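Colleague: Pasting a structure here, questions to come.
Just so you know, all these numbers are worked out from the coordinates, no wet-lab data involved. Values in this document were obtained by computation on a predicted structure and should not be read as measured data. For neighbour counting, all protein chains shown are included, and Cβ atoms are generated from backbone atoms with ideal geometry for every residue, glycine included.
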Ligand SMILES: Nc1ncnc2c1ncn2[C@@H]1O[C@H](COP(=O)(O)OP(=O)(O)O)[C@@H](O)[C@H]1O
Ligand SMILES: [Mg+2]
């Protein structure tokens, strides 16, 4: 299935932890709603009741033995449920769907950083999402120091230490994630738009707004 089969618009936000995805998605959703648009906001992992149960396995810091393949399948299980339960119905009724992460995250984290490979990720994507890809992906690019600094500042506010598993990965892991995002953007310049995430919130929001209207 391609995005041309459905009526609505599908926009995803990508980037390393702390790059500003959640912040910018909220701002874009508010602007689109102010224009009178029907907007569905969804975040990965999670998004659905079942997805939240899977999310607790993925983010549990005591699950150190979770294998890379099992991790990838859990992300796709979350995504499959979200596609069927929320995303496709919303696109069918003509809504704009905003997703905080989608398959590009799996390509960057599991495919590249964990070394499982692009082909494996895309084969599972065809099954889990039936090939549904965003029409537009906003990749917020940020240097690793800023990314980790912001994520750690935010995590200090999170009481539950068990939710921090992904934030404690080595710097090298984050570097591989960023390099893959940049490579994906180079491969698909029509869909993936790179926006400098180091600017202030307002400047980034203006750039995203301009990109959404242009595409
Ligand atoms: N442009 C920005 N400049 C400085 N800090 C930011 C900016 N955008 C977001 N933040 C802050 O950085 C942290 C991470 O932002 P968030 O939107 O949660 O990122 P993500 O969802 O990509 O992990 C939050 O504390 C947020 O308030
Ligand atoms: Mg977030």
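Colleague: Based on the alpha carbon coordinates of region 1-111, what radius of gyration and maximum Cα-Cα distance (Dmax) apply, in Å?
Modeller: Spelled out, the Cα radius of gyration and Dmax of region 1-111 are 14.6, 47 Å.
Colleague: What Kirkwood hydrodynamic radius, in Å, does region 13-67 give when the mean of 1/r is taken over all pairs of distinct Cα atoms and then inverted?
Modeller: Details: mean 1/r = 0.0751 Å⁻¹.
Final number for the Kirkwood radius of region 13-67 is 13.3 Å.
Colleague: Using every alpha carbon pair in region 3-214, what percent of pairs falls into each 10 Å bin from 0 up to the bin containing the largest distance?
Modeller: 8, 35, 40, 16, 1
Colleague: Now for a different question. Under a GNM of the chain (C-alpha, springs under 10 Å), which listed residue has the highest mean-square fluctuation: 187, 122, 72?
Modeller: 187
Colleague: Now for a different question. Springs between alpha-carbon atoms under 10 Å, Gaussian network over the chain: tell me which of 172, 85, 44 tops the mean-square fluctuations.
Modeller: Fluctuation is largest for 172.
Colleague: For the chain, set up a GNM with springs between Cα atoms under 10 Å and report which of 12, 22, 56 has the largest fluctuation.
Modeller: Result: 56 has the largest fluctuation of those listed.
Colleague: Calculated from DSSP H runs of 4 or more alone, at -39500 (n - 2.57) each and per residue, what is the 222 nm mean residue ellipticity of the chain, nearest 500? Intermediate results must be reported in sequence, preceding the final value.
Modeller: On the way: 9 runs with 102 residues, N = 215.
Roughly -14500 deg cm²/dmol at 222 nm, from the helical runs in the chain.
Colleague: Once both labels are modelled 7 Å past Cα along the beta-carbon direction, what's the residue 215-residue 172 spacing in nm?
Modeller: 3.3
Colleague: For residue 146 and residue 61, calculate 0.36 nm times their separation in residues minus their Cα-Cα distance, and state this gained length in nm to one decimal.
Modeller: Values: separation 85, 0.36 × 85 = 30.60 nm, distance 2.30 nm.
So the extension gain works out to 28.3 nm.
Colleague: Counting other beta carbons within 10 Å of each residue's own, what order do 209, 86 fall into, fewest first? Don't skip to the end; give the middle numbers.
Modeller: Values: 209 15, 86 19.
With the fewest neighbours first, 209, 86 line up as 209, 86.
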